[in-house]
Amino acid sequence: MRAVFVDANESLAVITERLEKSGDPKMRINRNPDIKSEDYPAVLDGADIAVVDHTALPTDVARKCAGLKHVVFLGTGARSYMNPEELAELGISVHLIKGYGDTAVAESAIALMWSSARVIAQMDREMRAGNWLREDGMQLTGKTLGLVGFGGIAAEVARIALGSGMKVIAWNRSPKSHPGVEFTELDTVLANSDVVSIHLLLNDETRGMITRDKIAKMKKGVVLINTARGAIVDEQAMIDALNSGHIRHAGLDVYNIEPLPKDHPLTRIPNVTLSAHSAFRTPEASENLIHAAWEHCRRIVKG
């Protein structure tokens, strides 16, 4: 079996080469992170396994990839880039990597929360423009953090938040328990949280789940954090709530359109802090990610 890392940036390419072991399936690394979807057939050149970081794989393109049987997606959000059910009908299995960056994403969510609460990014922008903006921030000690979804990332967020003196409540689709965290209904979490942080996988059930009605149920002046997937939240409803002040500030790492266009409405709203879908990007998380990708490839070859 042959594998191709189709869209490796240099740092991931170096880690992939370093973690290769004797007897591993042959993997060719395409050191071009900016390939287009239509480039897949040529880049794969008949390979059985595609290791994919971020390049969309439409089903009609996958049909043209002779020999492709497995996609190892570097993360959990493959649905943002491909349709796993349609690929399965073509005989292509999609493999996900979970847990590799739980701490990295959690720390980013916490960073966005603190920055949003204290309006740091907005003050930075104004000061660079010559304006001495002084804003009252939200003091988070003693405030309530509501977690929507509770997997490994949310557990790490809870650990950090509890250590900083916040109360943590959470909702999860299946029953969960965690030390120091109170689990309750979704509407209760939304209505009682000073900060709401989204931690759900994107699927048919969660797409658009945070509707205009759900946003209206949030406490006025709430801080909203999303390091999960943009499509989980009704974007226009969020923008309207930001403009009205119902949402005090949003800290966002994920968007409906990525990269975010420079003229997107979110880039023109002052009470938003934006990061470029980079919550998972730390050397430690990258090491875990590529190790797990190699393990997938090894299992695939062993059948």
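The values are calculated or read from the model by the stated rules, or taken from the named source; none is laboratory data. Bear in mind that the values here come from a model prediction, so they are computed numbers and not experimental data. Heads up, the Cβs are rebuilt from the backbone with ideal geometry, glycines too, and the neighbour counts pull from every protein chain shown. Side chains are part of the model used for accessible areas, which takes the heavy atoms of the whole protein and leaves out ligands, DNA and RNA. Shrake-Rupley method; radii C 1.70, N 1.55, O 1.52, S 1.80 Å.
In the full protein context, the chain carries 47 Å² of accessible surface per residue, based on a 1.4 Å probe and ignoring ligands, DNA and RNA. Taking Cα atoms only, the orientation of helix 283-302 departs from the longest principal axis of the chain by about 40 degrees.
Output needed: percent of Cα pairs per 5 Å distance bin for segment 169-216, bins running from 0 to the one holding the longest distance. Each 5 Å bin holds this share of Cα pairs: 4, 18, 28, 29, 14, 5, 0. Convex hull volume of the C-alpha atoms in segment 70-223, normalised per residue: 148 Å³.
Checking the a/c ratio against 1.5 first, then a/b against b/c, what shape does the Cα gyration tensor give for segment 169-303? It comes out oblate by the Cα gyration axes. The C-alpha atoms of segment 148-246 occupy a region whose extents along the principal axes are 36, 30, 21 Å, arranged from largest to smallest.
By definition, a body whose alpha carbon gyration tensor gives a ≥ b ≥ c is prolate when a/c is 1.5 or more and a/b is larger than b/c, and segment 121-205 fits this prolate description.
So which lysines pass the test for LYS302, namely a Cα distance under 19 Å, with those fewer than 8 places away in the same chain ruled out? Partners within reach: LYS21, LYS26, LYS69.
With contacts taken as Cα pairs under 8 Å at a separation of at least 6 residues, segment 1-114 carries a relative contact order of 23 percent. The peptide list 290-299, 28-37, put in order of mean Cβ contacts within 10 Å with the highest first, becomes 290-299, 28-37. Both the radius of gyration and Dmax for the chain are 20.7, 63 Å, in that order, over alpha-carbon atoms.
Here the chain has 50 percent of its accessible surface on carbon and sulfur atoms, given a 1.4 Å probe and all protein chains in place.
A simple packing score, the average count of other Cβ atoms within 10 Å per residue, orders the peptides 223-233, 110-120 as 223-233, 110-120, with the highest score first.
Computed from the Kirkwood radius of its Cα pairs, the Stokes-Einstein diffusion coefficient for segment 237-287 at 20 °C and 1.002 mPa s stands at 176 µm²/s.
If a spin label sat at a point 7 angstrom from the Cα of GLU205 along the line to its beta carbon, the backbone N atoms of segment 159-195 nearer than 17 Å would be those of 171-177, 184-187.
Report, in degrees rounded to the nearest 10, the 0 to 90 angle that the Cα long axis of helix 102-118 makes with the longest principal axis of the chain. Roughly 30 degrees, rounded to the nearest 10.
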